[in-house]
Structures are given as structure tokens and as C-alpha cells.
Amino acid sequence: MIFLINQNLFIKALEQGGFAALSDDAQSDKSNMAPILKSVRISIDEDLVIESFTSLISSKWSMKATEDNGIYLKEKGSVIIPANELYAWVSKQSKCKILLKFVESKNPEVISGNNSDYNLDNGTLIKKIGSVKVMSKDDTKTGSQWSLDCYEYDEFISVNYDKNKQHVFTTEVEKFTEALSKVASSCLLEDYNHVFDSVSIEKHESDIYIGGSDKHRFSLYKLQSVSNINDSFFESVTRNVLINTILLRKIMKLSSGLNIEFSYLDNKIVIVQDNWKLRVSVVNINVFNSFPSLKMIFSKTYKKIGLVSKSILSNRLSTVSLVNKSSVLFDFKKDSLTIHAISETGSSPNQADAPVKDIENEVKIVLAVRHLSDLLKIIKDEYIQFYISNDGRSVKFISSEDENISYYAMKVDNPKYNTLLGK
Amino acid sequence: MSMIPSPVLIIGDPVLSQRTVFLSKKKYNDFSWITIDANENTIDDIRSISGMNTFEDSKRFILIKNLQNKKDFREFIAELVQSSSDDLKFVIWDSSSEIKSDPKTGINKTWQDWINLLKKNEKFVLVNSGFDFPDNDYKDSVSYVESLFQKNNKKIDPVASKIFIDIVGRNRAMIVSEVNKLSIISPQNIDRNFVIDNCYPSSKSAVLYQFGNDLDSGDLSKSIISLEKFLSSGIDANILAQIIVNKSRWHLAICSFYKEGLDFYTIKSKILGMGKFPSCVWHNDQLTDSQKNKLASNLNEDENMISFMSLKMGIPLNYINVEKKSNIKTVRKGEVIPMPFMADMMMSYFQDKIVNTNKKNYSDQDLRNNILNRAINLYLLCTECLKDVRYNEISQKESLYEMVKAWTNTTV
């Protein structure tokens, strides 16, 4: 196999095609399969194809191998080479063409991987069959060259990304990325059930929503520019679809096309975008039931409390939270809001006032400081409109600048505030 | 009315406690489990997290781990757990082993008072996973090992369980883990040989025992295989070399007593008394073994030692100065044979492999002389090889082979 490719195209191809191999999941693998999981397969014939896989993710990047696309085919073939090393080397080159050339070894070597405790069958042996020489040359006619191990593995999975998949919806990359950034802060960084470290995608009436939650708060964004919505899919699933937030953010960061297409297949989400196809395992949608559903959220009725200036609220909140960083009492009275902080540590109680406009209901509620401070980062409005649910257990915020955003936070039961609450 | 306990306090061995937590999570998996690390969260955080409402009205278990040894913290937890209800349960886990237990006096008063405060909650449950057994304990640890094997429908004899404790140590989690592993492969009745062959040595003296056991077979190839096994499992060459040197020094002592004409039984009790403190007790021929044990343990107390030295030995009190800051235990410690059955092992090697193998070739006196000469040469060679192992890393393995070869060559 010999071919020449533009460096900037190759780096993008490696990031996308080698997404699985470059993931933490693959790079930290210690099993016998580690050399393969950490590698990408580069095949060139009519198309240049770069693909990789782990047990949770598989990714494929492909493009016509033509000179117009910046790919110069000399000799077709296929190699499996370590992704991280190749990516690191390619990213060090700049504005140049890169040549890849496979050099076969006369003495192929069977490698058993890092974990010798379990044996691979003969049919699934990983062999080191040679090396791939990588060379770069820029406008100055100079560059660098390196050599990487090349493996052979008969069972390298070639995923068929189109077979039996159920199309879910298509949306614009830019809009989806923005929506994701608004809801991601409400998710946990890690949840061993992989429910609350994920964002949900759910349909309500005719709209598609993306939501993030840590059980105690919920941020919701109504997706815009959504097309080809598969209604029968959403009718067939009992709950929403969950996708790991960090993974999805990484995917969106690498996305470069205009549109992105989501499909579903046996607890896996297939994401297709221009030359890039990804398949990601997701939580079994029929098993989990602890993620708040839109039906439950929208069934609650909320009434207005009042409008508070964002900058004043931010200032007062940061002041009172000097005493209690976790939970504070919001006391909405006629024309003013008083925020109280009482600590268990023995510090003197702290309080601050803020003006309230258009007050409709006098309310006292204990809320988590973090929930409010995250809200202030998401919402860009000059004034924050507070709503309270009829049962008094949660508050809601809707942005007037971007009506697609809504944010819900549950109250905190803290007996330290019982006297102020009149209990 | 829910029968689920709350608050639950889990104390004792961290590994066994972790298993209790794991099983509890599994048992009450319809509850949502929220873990709070008291080291990373303030008491305000703990209060807020415990009191946070959820969208779905789920039942919650609040697991508080890494307890802090602070009065405020204890008081706060005692007050917090009173808010237990059918939907809110508390598990307090002393994962950092702040609560310690003295074998004689039990749990320290401050923590015991706090536990008594928690006990006032109607559904309080204390899960004590047990603490490590004291260093000199055999009674409780041996019966613990026996009971664990019994749970797995296996029977272990008392001598074997004593050796088991010596090899594995007195940490409960290590004991449980080793018993579980051994139960898979063990016969119905477990004897000393099975324990020696299969227990994983967790201390230096246990390595000494297992490696020494192979050396004392007098079989060169078996000893070399054992040496390589220990080297490949990460035991340092210096430790193995030191083991052979120690054994050759003890062997030299045995041979020296034998040269003096002592019988095997007397030699064994002599080497067991070697290095033991105080020498005036251990080398007093008029005392029986049990008297020596009793007296020596009494004299380990400073006050008893002072009165012994002044009243029995006639040393004036102003001549005796107790340095409280110095590590008295270290000063008192001489080189002893770490475990009594090792003396058996040394004697059995001496009798079977040295005396019995060579006695037909020599007269009694010649045999005693030659045996001592072999022991001296063996000891000198081993100390030379130890130097090589310590200071010349390249020939470490060769030096160890040389020592093993000399030890297994039993001809005098």
C-alpha cells in the first residue's frame, strides 16, 4: 500500500475515523486485544477508508481517493497501525503532503498483547507483519519520516452502519452543538449506571428536545432546524434515548459538516455526517426509568413569581454563599427578594436583598446554590423570570432571549431554614 | 411501616465493609444510592445533598463515607440521621478506619459515646466487620479461620490454621480472601501441608517459611524452581539471599550445639530461646518453658522490668533510666526464629538431611566435627554471596544459585 495525502485532510480523517481508537476507553485497554483496539485500519482502493472500534464505539471515515480530494493513490492495500502514535506524528507536520508506505516483514511475529492470562484462538491471533513508513514533505522539499508497527488481525470488525438502522432525525450541527452546551452542565460527570452522565433526546408533541439532568435539576432545549423526524420510532420506544454527554460533546467538536443524522439500532445510536459514520452504544432505553421524562416535566403547572436582575442576583448569591455554599433560602416578598444563608459550621447567618419586578406570588423556597449559579451561566437574559410549581417542590426558569431553553430545579429540604420558612 | 434499617453504621475492616456496602446496594437496588465523601464535602454540603428533592419521587439511601474525627462532625451526623424516613435512609461507613478498637479496651470512648447516641434511633444497626487481630493473638484468629472454612463446608486442623495465620497474617480481609481462594481447591480436611503448599505468603517471614521449606527438601532442582518462582513474583533478590543467610546462621547455631553434645530436643529449645529478651529469663535453666513465657511477657512492661531489675537483680533504682522517647521494642529485639514451627523445620533438615545422611560414614565425634565445619563453610559462603547480591546486581542470580547449591549439598 502506497499513497500520498494532504496533511490537513489526513489529520481530520484520523480524528474522525480513529475516534474509537483514540478514545480513553481504547487507550487504557489492557486486554489481549489492546494493540488492535488502539489501532486504525487504513484501506485504500477506490476510496480511502479509516476505521476503528471498541466494544462501545466504532467509527469510519471514507472519501473517494482522487487527486481532487488531495489523495494520490500509488498502490492499493490495507494496514492496521497504532492510532495515537500516527495521530501524534501527523499533527506535528504542517502544510505538507504525507506519504504512507507499507513494508512487509520477512519474519511476521505473533504478539499476545498485554494480558497473557487468556489465550486467543489461532483464528484470532494478532500478528506484527511489518511496518508502515510515514514521510512528510513541505514546500521546502524537506520533512520528516518515521516508521510504525503494522498488525494483521483477521477479525477486524467492518461495521455495516446502514444495515437495519432506524432513522431518528436530522439536524444542523451548529444548532445541535449549541443546544448540547446549554444542557450539558446539568449532567453528572460520571454515573455508574450511565443515566445521569448522559443527555436525553425525546419528542414531545411535534418537537425534539435534548435534556440533561442530575436527578435534582433538569435543563431542556427545544432543538431547532430538525428535519426527517421519524414519528414511528418515538412512538415505539417507551422512554427517551440517552447518549453519554462527554462523548457526544467530543463528537460535536469534531463535526465539520452542515447536517448531522441520528439513527437507532439495537441500543446503539448511529451518527452520520458527510464522510464520517459513528456507532455508539447507549443505555437500553427500555431498562432505565429514573431519568425525568418530558411528560412528567410538562404535566406540572408553574406560576410566575417575579423578575430579578441577573447581575444583582449573581452578586447577592455569591455574597450570601460565603456562609453556605450549598443551599440558600429565597424569600420573595412584595417588591423584594431576600436571600438567607445559614450554616451548620457556626458562622453567623448572612442575608442579602435584591429588587423584584412584577411580583405575582410571595414564595419562600430553599434552593441549591450550584443550580442557580449554573443557570446564570446558561441564560443570557438581563432579567431572570422565576416560576414555582403548584406543589411548591420545584422552580422553573425560561429565557426570554432564547425561548428554547428552560431550566428546572428541585427544592432542598434543610431544617436549618425551618424557622424562616415558618415551620 | 418499612423494616429497612436506618441509620446503619459500618465499622471495621475496610475491605470487608466495602463488601457489605456492595451487597447492601445490590439488596436495596430499588433505592437511589447517593454517596457523599465527608472529606470532600462540608457538613453544609452533606445537609443539602441529603435534603435535595428529585423529580421522580425515588427512595434514597445516603451513604456517607470517610468519617471525620471531629466533634462537630459527629454531632452533625447524629442529628442528621434522625431525619430517616421510609424514603430517606442513611448508611454511615467508616471507610477510612477512624474508629479503632483496642483488643483489651474495645472501641475508644469518644466514638463509643457517639455510637451510643446513634443507637437511640429506633432502627439503628451496627455492622462490625471486625478489626485486625493483635500481633500475638492465635486464639481468636485461629478460631476465625476455622469458622470461615466451616462456612465453606471445609475442616482445617488447629496446627494448619495456626500456620495459615503465620503465613497470611492477621488482617481480616486477607484471611477471608485467602480462605475463599483455598476453599475452591482444598480437600475436605485441610492439613498443614496443604496450607504450606497453597497459601500465598503475605509477609517476609512467610516467604522465608515457604522458600525455606523448599530449600530444606535438599533437592537442588526443586529449590532452584522455588527460587525462580519467588524472583519472578517480584520478591527482591536481597530478601531471598538474606533468608538463606539467616537459615545458615541458625543452622550454624544448631551444629554448634550438636558439637557440644546436646540432644535434638534440647537443641530445639535452645534455638527457640535465641535472641529472646530478657536473656536472664530465656537462658535460665531452672525455669520451665511456660514459666519463661509468663515471666518474659510480664517483663515487657517497663514498670515490671524496673522492679525486676531492682528487687531481683539488686540494681539500684537510680542506675535505671527509662528513655521514653526511644523505640524500646526495637532495642530489645534480637534475632529470633520468627515462628516456632520454623525451628521444627530447621531441626528436621538437620536430623534427616545432615545427620542421618552422613552418620554411616563417620564415628560420632568425627560426625559432630565435620557437621560443624560444613556449617561454618556454608555460613561464610552465604555471607560472601550476600555481599555479591547486595552490591553487584549483575551476578545476583548466580550468587543466589551458588547459595542454594551449597545449602542443598548435604554431604559433609
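Might you let me know whether the stretch B:7-22 holds any residue that is of a type outside the set (Lys, Arg), within 14 Å of another protein chain (Cβ to nearest Cβ) and surrounded by fewer than 16 Cβ atoms within 10 Å (Cβ to Cβ)? Talk me through it step by step, then tell me what you get.
Residues of the stretch B:7-22 of a type outside the set (Lys, Arg): B:7-18, B:20-22.
With within 14 Å of another protein chain (Cβ to nearest Cβ) added as a condition, the list becomes B:21-22.
Still in the list and also surrounded by fewer than 16 Cβ atoms within 10 Å (Cβ to Cβ): B:22.
There is at least one residue in the stretch B:7-22 that is of a type outside the set (Lys, Arg), within 14 Å of another protein chain (Cβ to nearest Cβ) and surrounded by fewer than 16 Cβ atoms within 10 Å (Cβ to Cβ).
Checking A:Ile11 against (1) in contact with a helix residue (DSSP H, G or I) (Cβ under 7 Å, 6 or more places away or on another chain); (2) over 29 Å from A:Asp139 (Cβ atoms); (3) in a helix (DSSP H, G or I), only one condition comes out false. Which one?
So the condition that A:Ile11 fails would be (2).
Looking at the stretch B:109-137, which of its residues are loosely packed, with under 15 Cβ neighbours inside 10 Å and more than 22 Å from B:Ser83 (Cβ to Cβ)?
Scanning the stretch B:109-137 gives B:Lys109, B:Thr110, B:Gln112, B:Pro134, B:Asp135, B:Asn136, B:Asp137.
Would you call B:Ile167 over 24 Å from B:Thr35 (Cα atoms), in contact (Cβ under 8 Å) with a residue 40 or more places away in the chain and aliphatic (A, V, I, L, M)?
Details: over 24 Å from B:Thr35 (Cα atoms): yes; in contact (Cβ under 8 Å) with a residue 40 or more places away in the chain: yes; aliphatic (A, V, I, L, M): yes.
In short, yes.
Out of all the residues in the stretch B:251-280, which are at pLDDT 90 or above and among the basic types (Lys, Arg)?
The answer is B:Lys259, and nothing else.
Yes or no: the stretch B:139-152 includes at least one residue that is over 26 Å from B:Asn213 (Cβ atoms) and either β-branched (Val, Ile, Thr) or under 17 Å from the mean Cα position of the chain (by Cα) (or both). Steps first, please.
Narrowing the stretch B:139-152 to residues over 26 Å from B:Asn213 (Cβ atoms): B:140, B:147, B:150-151.
Then keep just the ones that are either β-branched (Val, Ile, Thr) or under 17 Å from the mean Cα position of the chain (by Cα) (or both); that gives B:140.
Scanning the stretch B:139-152, I find at least one residue that is over 26 Å from B:Asn213 (Cβ atoms) and either β-branched (Val, Ile, Thr) or under 17 Å from the mean Cα position of the chain (by Cα) (or both), so the answer is yes.
How about the stretch B:39-83: which of its residues are small (Gly, Ala, Ser) and either in contact with a strand residue (DSSP E or B) (Cβ under 6 Å, 6 or more places away or on another chain) or at the interface with chain A (Cβ under 8 Å from one of its Cβ atoms) (or both)?
Those that are small (Gly, Ala, Ser) and either in contact with a strand residue (DSSP E or B) (Cβ under 6 Å, 6 or more places away or on another chain) or at the interface with chain A (Cβ under 8 Å from one of its Cβ atoms) (or both): B:Ser48, B:Ser50, B:Gly51, B:Ser58, B:Ser83.
Any chance you could count how many residues in the stretch A:54-89 are part of a helix (DSSP H, G or I) and either within 30 Å of A:Ile243 (Cα to Cα) or touching a Leu at 6+ places or on another chain (Cβ under 6 Å) (or both)?
Adding up the residues that qualify gives 6.
Looking only at the stretch A:395-423, filter to residues that are within 12 Å of another protein chain (Cβ to nearest Cβ) and either free of Cβ contacts under 8 Å to residues at least 12 places away in the same chain or small (Gly, Ala, Ser) (or both); which one of those is farthest from A:Pro292 (Cα to Cα)?
Selected residue: A:Asn418.
Could you tell me whether the stretch A:363-376 includes any residue that is away from every other protein chain (no Cβ under 14 Å), closer than 21 Å to A:Tyr221 by Cα and either in a strand (DSSP E or B) or charged (D, E, K, R) (or both)?
If we filter the stretch A:363-376 for residues that are away from every other protein chain (no Cβ under 14 Å), which is where we start, we get A:363-364, A:374-376.
Of the ones still in play, those that are also closer than 21 Å to A:Tyr221 by Cα are A:374-376.
Pick out the ones that are also either in a strand (DSSP E or B) or charged (D, E, K, R) (or both) and you get A:374.
Yes.
Just to be sure before I move on: is A:Leu189 in contact (Cβ under 8 Å) with a residue 12 or more places away in the chain and closer than 20 Å to A:Gln273 by Cβ in the structure I sent? Spell out how you get there, then give the answer.
On the way: in contact (Cβ under 8 Å) with a residue 12 or more places away in the chain: yes; closer than 20 Å to A:Gln273 by Cβ: no.
No.
Taking B:Ile34 as the residue in question, decide whether it is facing chain A (nearest Cβ under 10 Å), without any contact (Cβ under 8 Å) to a residue 24 or more places away in the chain and of a type in the set (A, V, I, L, M).
no
May I ask you to list pairs of residues, at least six apart or on different chains, whose Cβ atoms are under 7 Å apart, with the first in the stretch B:139-154 being among the acidic types (Asp, Glu) and the second being in a loop (DSSP other than H, G, I, E, B)?
B:Asp140/B:Phe133
The values are calculated or read from the model by the stated rules, or taken from the named source; none is laboratory data. Keep in mind it's a predicted model, so treat the numbers as computed, not measured. When we count neighbours, we look across all protein chains shown, and the Cβ atoms used for this are built from the backbone with ideal geometry, even at glycine.
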